[in-house]
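The values are calculated or read from the model by the stated rules, or taken from the named source; none is laboratory data. Note that the structure is predicted; figures quoted are calculated from it, not measured. As a convention, Cβ positions derive from the backbone with ideal geometry for all residues, glycine included, and neighbour counts pool all protein chains shown.
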Amino acid sequence: MSADLGRSVIPAQRTPGDNYLPGIVRDLELAQPLPLIPAVQPDGRRAEQAWLLVRLFSEPLGFLLLDIPAAGLQPADLAAAVEAELGDSVRARLGDGPVPVHGVNPASEPEFLAKRRAVLTTAPHITVVVCTREHPVELAKCLDSLLAQEYPAFRVLVVDNAPVSDRTAEVVKAAAARGPVDYIVEPKAGLSFARNTAVKAAPGQILAWLDDDEEADAHWLAEVARALHEHPEADVVSGVIVPAELETKAQIWFEQFGGHSKGRGFKPDRFGPDTKHVQSPLYPLPPFGTGANMTFRPGVIERIGLFDTALGAGTPAMGSEDTLAFTQVLLTGGTIVYQPSAVTRHYHRRDLEGLRKQMVGYGTGLVAAYTSLLMSRPALIFPLIRLVPSALKDMTGKDTARTATIREDFPQELLSANRRGMLAGPRAYFTSRRAARAKVRATQA
């Protein structure tokens, strides 16, 4: 993986009254002349750090997190930083020589772009599913990014989960006037109920999932299609999620905790029956994928029994319906492909309290998912027990996938919140299961 959040010098602490930004997020396309990144942004705020998604001919190679000096980051500074962290990746694509400062003018079409173009000639139709509940502003930006996809064959299906207003319907109606956007309602509150409604409404279709607080890179669907084409054995394709902004300390702390990738980085990967000796399907750290950027081939979700309605946002268990689904795919002999060129951008929670709740939710959901798994497969208790030492090491070690990017300014209370959530997981799952059954009975009455 490229430069991580643990390598930069900790910036001086600023008072709330200072006119500064903890971080800015930018793409750094090496095929173009490298820019000057000024310390003072157009709005007058002083940026402390730059999070840079390094790309070559649009292919993401990795990321850098760099402190911004008072004079700004000069093109030569950027080239040196890319050389230090990603030089081998650049040379593997461009041949010997330094990281380019003035851009690249290839004599022929780069291989990465040629393969994408070839895939687009036979692009399969993809249904993008966005489950949402009373987030009209965020949803509008999400739909804008989807309608801007450089992909010829797709539609968007918005699932309005237990709406209490018509705001979501209005946003969808406006988007539908500009492109292929459909709308359905799932009255039972809970993300898994909404997900399952989408599955039932789109039988036989490739389903790509995006959260309402995300924006899709313009080539997201094209890169999903690339993975499906290059890996005909893949049941699931998962992509990479990068930050859309880092304007608050809470957002930076979330990235220190690993963001959504938790150390998976930008190296393509594959998980299946022949890789279980390398990484157990029972231990998704780094994750096999995340529900905010995942694609299932037709019939796969039905094959694993749909999403567990006792898990996910909107339940006492709070999350991990996606983690359980990935594990079930692998346990039933399926294959998951990690395709880091399929990029989405996530707006992390901006405040500390929101991040604290998220950390609790991560812990609660993970253990709740294990509880669900054991309810259906009790014999898994023994291999899970054998994984406990590894899990404890990853939670407490200094250089594990979970802790390697945590810096000195990371609030320890967030780690404690995550562990409290884990302890609450089993009880939360049983509470969620009773609540889910009650919702179903209420709709049948």
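The set of residues from segment 385-409 being under 21 Å from the mean Cα position of the chain (by Cα) and modelled with pLDDT of 80 or more comprises just one member, I406. Could you please let me know if G190 is at positive phi, within 23 Å of the chain's Cα centre (by Cα) and either acidic (D, E) or assigned by TED's automatic domain parsing to the domain that holds G334 (or both)? Answer is yes for this residue. Of the helices (runs of 4 or more DSSP H) entirely within segment 171-263, those holding at least 3 residues that are closer than 22 Å to G334 by Cα and modelled with pLDDT of 95 or more occupy 191-201, 220-230. Of the residues making up segment 269-290, none is under 18 Å from A194 (Cα atoms) and not in a loop (DSSP other than H, G, I, E, B).
Annotation: I126 fulfils all but one of (1) β-branched (V, I, T); (2) in the same structural domain as Q49 (by TED's automatic domain parsing); (3) closer than 14 Å to L210 by Cα; the unmet one is (2). Go through segment 266-286 and give me each residue that's closer than 22 Å to A225 by Cβ and either within 20 Å of the chain's Cα centre (by Cα) or modelled with pLDDT under 90 (or both). Selection gives F266, K267, P268, D269, R270, F271. Within segment 63-84, being over 14 Å from P35 (Cβ atoms) and crowded, with 21+ Cβ neighbours inside 10 Å holds for F63, L65. Listed by first and then second residue, the pairs with beta-carbon distance under 7 Å, at least 6 apart or on different chains, first residue in segment 144-168 and within 15 Å of L221 (Cβ to Cβ), second among the aromatic types (F, W, Y), are Q149/W220.
Name every residue in segment 260-309 that is free of Cβ contacts under 8 Å to residues at least 24 places away in the same chain and under 26 Å from V388 (Cα atoms), in order of residue number. Before you say what the answer is, go through the steps one by one.
Of the residues in segment 260-309, the ones free of Cβ contacts under 8 Å to residues at least 24 places away in the same chain are 274-275, 277-279, 305.
Of everything in segment 260-309, those that are free of Cβ contacts under 8 Å to residues at least 24 places away in the same chain and under 26 Å from V388 (Cα atoms) turn out to be D274, T275, H277, V278, Q279.
Close contacts from segment 418-438, counting a first residue that is farther than 18 Å from S376 by Cβ and a second that is part of a helix (DSSP H, G or I) and hydrophobic (A, V, I, L, M, F, W, C), with Cβ to Cβ under 6 Å and a gap of 6+ residues or different chains, come to N418/M359; G421/V360; M422/V367. Quick check: anything in segment 342-355 hydroxyl-bearing (S, T, Y) and either crowded, with 24+ Cβ neighbours inside 10 Å or farther than 27 Å from R433 by Cα (or both)? Within segment 342-355 (the criterion being hydroxyl-bearing (S, T, Y) and either crowded, with 24+ Cβ neighbours inside 10 Å or farther than 27 Å from R433 by Cα (or both)), the answer is yes, since at least one residue qualifies. For segment 98-137, residues that are free of Cβ contacts under 8 Å to residues at least 12 places away in the same chain and touching a His at 6+ places or on another chain (Cβ under 9 Å) total 1. Among the residues of segment 118-131, none qualifies, meaning not one is part of a helix (DSSP H, G or I), more than 27 Å from E59 (Cα to Cα) and among the hydrophobic types (A, V, I, L, M, F, W, C). Picking from residues in segment 15-25 that are exposed (fewer than 14 other Cβ atoms within 10 Å of the Cβ) and not β-branched (V, I, T), the one that is modelled with the highest pLDDT is N19.
For first residues located in segment 6-31 and among the polar types (S, T, N, Q), partners that are at pLDDT 50 or above and lie 6+ apart or on another chain with Cβ distances below 7 Å form the pairs S8/Q49; S8/L65; S8/L66; S8/D67; N19/G44; N19/R45; N19/R46.
With respect to the stated conditions, H260 is under 14 Å from the mean Cα position of the chain (by Cα) and closer than 22 Å to G62 by Cα.
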